[in-house]
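To keep things clear, I will list the structure first and then write my remarks on it.
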Amino acid sequence: MSDEQWHLTIRRYSAHGAPEEIAQRIRDGLLPSLRQEPSFRAYYVARIDGGGGTFSATLFADQETSRRVNEHVLGWAQSNLADLLTGAPVIMRAVASVHLDAERKGGESYMLVRATEGLGPSAGTLPAFQDKLVPLTLEQPGFRHLYTGRDEAQPDRGIAVSIFTNRSTATAAHAQVAATMAQNRDIWPQSPKVLLAGEVIVAALA
């Protein structure tokens, strides 16, 4: 686990085009420019379970680059994916104070975004997260990566992006995390909610 803070941007797009075509255009056109940024850390795109669109998670090591690249991504999508997308994306931003990587490499095949509201100051919740949820997460079969921090627009809401090898391992891990939170309502007064979930169609790490 690293102490370096990363800047997370999540974008949800409604789409009427094939996710495979969206993914191919991103790999050919957008991804090379993201990788060129020195503070690039990770980028994922997934198709939303049940259809209707895609969502992405982008991570950079500094806020200035994160904001600048977000504008670049929005402009690129408008110019290159307008025939496949429907309207502007819904955007969430968070400062990821925790990022975990499994020792096992590869297999980034399923992404889950969850939110937990009603949190107290990070000084109180972060030690509990490190003590109770980090070991639990790392021991989950199929776990690959976790990025979590506070929502920039709603500081009492935690945002977590988890990457797993498949839907079943992601769902099982989420259930265990929710159960642990339920046993510690003084730290996590509300149950986590899954905001987005789906099969990863683009994955890139620094």
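The values are calculated or read from the model by the stated rules, or taken from the named source; none is laboratory data. Predicted, not measured: the structure shown is a model, and the values here were computed from it. In this analysis, Cβ positions are derived from the backbone assuming ideal geometry, glycine residues included, and neighbour counts consider all displayed protein chains.
Based on what the data block shows, is residue 180 within 18 Å of the chain's Cα centre (by Cα) and either within 24 Å of residue 35 (Cα to Cα) or touching a residue at least 40 places away in the same chain (Cβ under 8 Å) (or both)?
Details: within 18 Å of the chain's Cα centre (by Cα): no; either within 24 Å of residue 35 (Cα to Cα) or touching a residue at least 40 places away in the same chain (Cβ under 8 Å) (or both): yes.
Answer is no for this residue.
Which pairs do you get when a residue that is surrounded by fewer than 18 Cβ atoms within 10 Å (Cβ to Cβ), found in the stretch 108-126, comes within reach of a residue that is among the polar types (S, T, N, Q) and at pLDDT 95 or above, reach meaning Cβ atoms under 7 angstrom, with the pair 6+ apart or on two chains?
117/190; 118/190
Test of understanding: among 170, 153, which residue is in a loop (DSSP other than H, G, I, E, B), under 17 Å from the mean Cα position of the chain (by Cα) and touching a residue at least 24 places away in the same chain (Cβ under 8 Å)? So that I can check it myself, show each step before the final result.
Values: 170 fails: in a loop (DSSP other than H, G, I, E, B).
Exactly one residue qualifies, and that residue is 153.
Looking at the stretch 1-45, which of its residues are of a type in the set (Gly, Ala, Ser) and within 30 Å of residue 131 (Cβ to Cβ)? Can you show your working first?
Step one: of the stretch 1-45, the residues of a type in the set (Gly, Ala, Ser) are 2, 14-15, 17-18, 23, 29, 33, 39, 42.
Within the stretch 1-45, 2, 39, 42 qualify.
Looking at 90, 69, which is the one that is over 12 Å from the mean Cα position of the chain (by Cα), surrounded by fewer than 17 Cβ atoms within 10 Å (Cβ to Cβ) and at pLDDT 95 or above?
On the way: 69 fails: surrounded by fewer than 17 Cβ atoms within 10 Å (Cβ to Cβ).
Being over 12 Å from the mean Cα position of the chain (by Cα), surrounded by fewer than 17 Cβ atoms within 10 Å (Cβ to Cβ) and at pLDDT 95 or above holds for just one of 90, 69, which is 90.
Give me the residue from the stretch 30-51 that is among the small types (Gly, Ala, Ser) and exposed (fewer than 14 other Cβ atoms within 10 Å of the Cβ) and, out of that set, farthest from residue 110 (Cα to Cα). Even if it seems obvious, please write down each step before you answer.
Step one: filter the stretch 30-51 for residues among the small types (Gly, Ala, Ser), giving 33, 39, 42, 46, 50-51.
Next, from what is left, pick out any that are exposed (fewer than 14 other Cβ atoms within 10 Å of the Cβ): 33, 50-51.
Numbers: 33: 24, 50: 14, 51: 15 Å.
Selected residue: 33.
Find all pairs meeting these conditions: Cβ atoms under 8 angstrom apart; at least six residues apart or on different chains; first residue within the stretch 18-32 and closer than 11 Å to residue 47 by Cβ; second residue among the charged types (D, E, K, R) and at pLDDT 95 or above.
19/47
Where in the stretch 58-144 are there helices (runs of 4 or more DSSP H), lying wholly inside it, with at least 1 residues that are in contact with a Pro (Cβ under 8 Å, 6 or more places away or on another chain) and over 19 Å from residue 30 (Cβ atoms)?
Helices (runs of 4 or more DSSP H) meeting the threshold: none at all.
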